[in-house]
Amino acid sequence: MKDVSESDLTNNIPLVALKEGESTKPVTVAGVEFGGNDFAIIAGPCTVESEEQIVEIAGAVKQRGAKMLRGGAFKPLSFPYRSDSFFELGEVGLEYLNVARKTHNIPVVTELMDIKYLDKLCENADMIQIGSRNMQNFSLLAEVGGSGFPVLLKRHFGCSLRDWLGAAEYLVHYGCKGVVLCERGITAPHTHVVTSRFIVDLQVVPAVKELSHLPIIVDPSHSTFRRNFVPHVALGACGVGADGIIIDVHPTPEKAAVDPLNALTYDAFETLVGKLNNVKKVI
Ligand code: PEP
Ligand code: MN
């Protein structure tokens, strides 16, 4: 694994590299600013479970301080089997996200795994999430970049900052108008408890600020994979200068169709937002 070199900054990632005298360039997506003065909070369920569910959650998280709604219609699930209690909705999930978005006037970010759904996603959401597992799917990055649509680019759990900025460079090179990076934990041999899958690389936030003008947010949910850890890591992310967080929130977390271990309740989310506001003030 190589560090980002001077030659990389000039030759390999000139579009995302920080130039002298520059700092983070804010990216605005449907009125939500990443990398400006605000700490952008994205919240919602792991997976869209029904129209009723996503509409309700959209209202609940907005009321508690979220500026953008998350929710997967397409999920990169580790195994191929689905059941009535473990599922993704696919295309119709995008339509439900759009209903929630319009009902509560809140922008939506959602994952794209297959390029054939690009147009449909762009009609129903405001930002494309490229998930961790597709960070280096270069043909997907090229096509998504070509759409010009804003992208939330999650870091692959095995990739260096150099690889990650390289993936961001693909998006911008092919035409993406707004890339926001998202740290979501990296693989490490020790994770404190068996259910905690990844280690959050918080020091990558200041590293990105030194090397790139792209805004960076943190996902404390898919990294820690443990709801008790989520608020601590979210506050840490704010403390190290991240531009926001994306977080799983569910009315009954233990009953969530996907990722029941990491989602916060509405109450826990509300408490966290209050603390984040305090940390932000101090910073
Ligand atoms: C998600 O945000 O729902 C998700 C699957 O994230 P990741 O790609 O980070 O695992
Ligand atoms: Mn999830």
Could you list, in sequence order, all residues of the range 172-194 that are outside any loop (DSSP other than H, G, I, E, B) and over 26 Å from Gly146 (Cα atoms)?
Ile186
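In this structure, does Asn37 turn out to be free of Cβ contacts under 8 Å to residues at least 40 places away in the same chain and either open to solvent by 30 Å² or more (accessible area, probe 1.4 Å) or acidic (Asp, Glu) (or both)?
Working: free of Cβ contacts under 8 Å to residues at least 40 places away in the same chain: yes; either open to solvent by 30 Å² or more (accessible area, probe 1.4 Å) or acidic (Asp, Glu) (or both): yes.
So Asn37 fits the description; yes.
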Which residues, counting only those in the range 200-216, are under 17 Å from the mean Cα position of the chain (by Cα) and either within 15 Å of ligand 2 (Cβ to nearest atom) or among the hydrophobic types (A, V, I, L, M, F, W, C) (or both)?
Val200, Leu202, Val204, Val205, Val208, Leu214, Ile216
Note on the range 83-104: residues within 16 Å of ligand 2 (Cβ to nearest atom) and open to solvent by 60 Å² or more (accessible area, probe 1.4 Å) are Ser85, Phe86
Give me the pairs, please: first residue somewhere in the range 254-279 and touching a residue at least 24 places away in the same chain (Cβ under 8 Å) and open to solvent by 50 Å² or more (accessible area, probe 1.4 Å), second residue anywhere and more than 16 Å from ligand 2 (Cβ to nearest atom) and not aliphatic (A, V, I, L, M), beta-carbon distance under 6 Å, and either six or more positions apart or on two chains.
Glu270/Arg64
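Out of Pro220, Pro231, Pro251, which single residue is within 15 Å of ligand 1 (Cβ to nearest atom) and either open to solvent by less than 10 Å² (accessible area, probe 1.4 Å) or of a type outside the set (S, T, N, Q) (or both)? Before you say what the answer is, go through the steps one by one.
Working: Pro231 fails: within 15 Å of ligand 1 (Cβ to nearest atom); Pro251 fails: within 15 Å of ligand 1 (Cβ to nearest atom).
That would be Pro220, the only listed residue that is within 15 Å of ligand 1 (Cβ to nearest atom) and either open to solvent by less than 10 Å² (accessible area, probe 1.4 Å) or of a type outside the set (S, T, N, Q) (or both).
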Residue count for the range 253-270, restricted to those that are at negative phi, part of a loop (DSSP other than H, G, I, E, B) and within 15 Å of ligand 2 (Cβ to nearest atom)
7
Among the residues that make up the range 40-51, is at least one of them surrounded by fewer than 18 Cβ atoms within 10 Å (Cβ to Cβ), under 30 Å from Asp84 (Cβ atoms) and touching a Pro at 6+ places or on another chain (Cβ under 9 Å)?
no
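Determine which member of the set Pro26, Pro107, Pro80 is open to solvent by less than 20 Å² (accessible area, probe 1.4 Å) and away from ligand 2 (no atom under 16 Å from the Cβ).
Working: Pro26 fails: open to solvent by less than 20 Å² (accessible area, probe 1.4 Å); Pro80 fails: open to solvent by less than 20 Å² (accessible area, probe 1.4 Å).
When all the criteria are applied, what remains is Pro107.
What are the residues in the range 63-77 that are surrounded by 18 or more Cβ atoms within 10 Å (Cβ to Cβ) and more than 16 Å from ligand 1 (Cβ to nearest atom), if any?
Our first condition is that a residue be surrounded by 18 or more Cβ atoms within 10 Å (Cβ to Cβ); within the range 63-77, this holds for 64, 66-75.
Matches in the range 63-77: Arg64, Lys67.
What helices (runs of 4 or more DSSP H) completely inside the range 195-252 contain at least 2 residues that are within 21 Å of Val48 (Cα to Cα) and touching a Lys or Arg at 6+ places or on another chain (Cβ under 7 Å)? Let's see the steps before the verdict.
On the way: elements: 204-211, 220-224, 230-239.
Per the criteria, 220-224.
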When you scan the range 217-235, do you find a residue that is away from ligand 2 (no atom under 14 Å from the Cβ) and within 28 Å of Gly148 (Cα to Cα), even just one?
yes
Would you check which residues across the range 215-252 are on the phi > 0 side of the Ramachandran plot and either among the charged types (D, E, K, R) or touching a Ser or Thr at 6+ places or on another chain (Cβ under 8 Å) (or both) and list them?
Phe225
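Per-residue answers, yes or no, for (1) closer than 30 Å to Ile13 by Cβ; (2) touching a strand residue (DSSP E or B) at 6+ places or on another chain (Cβ under 9 Å):
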| site | (1), (2) |
| --- | --- |
| Glu210 | yes, no |
| Ile217 | yes, yes |
| Arg226 | no, no |
| Gly244 | yes, yes |
| Phe269 | no, yes |
| Leu276 | no, yes |
Just one of the numbered conditions (1) within 16 Å of ligand 1 (Cβ to nearest atom); (2) crowded, with 24+ Cβ neighbours inside 10 Å is not true of Val204; which one?
(2)
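The values are calculated or read from the model by the stated rules, or taken from the named source; none is laboratory data. This structure is a prediction, so every number in the text was calculated from the model and none was measured. FYI the Cβ positions are ideal-geometry reconstructions off the backbone, even for glycines, and counts take in every protein chain you see. Areas reflect the complete protein model, heavy atoms only, side chains present, ligands, DNA and RNA absent. Shrake-Rupley method; radii C 1.70, N 1.55, O 1.52, S 1.80 Å.
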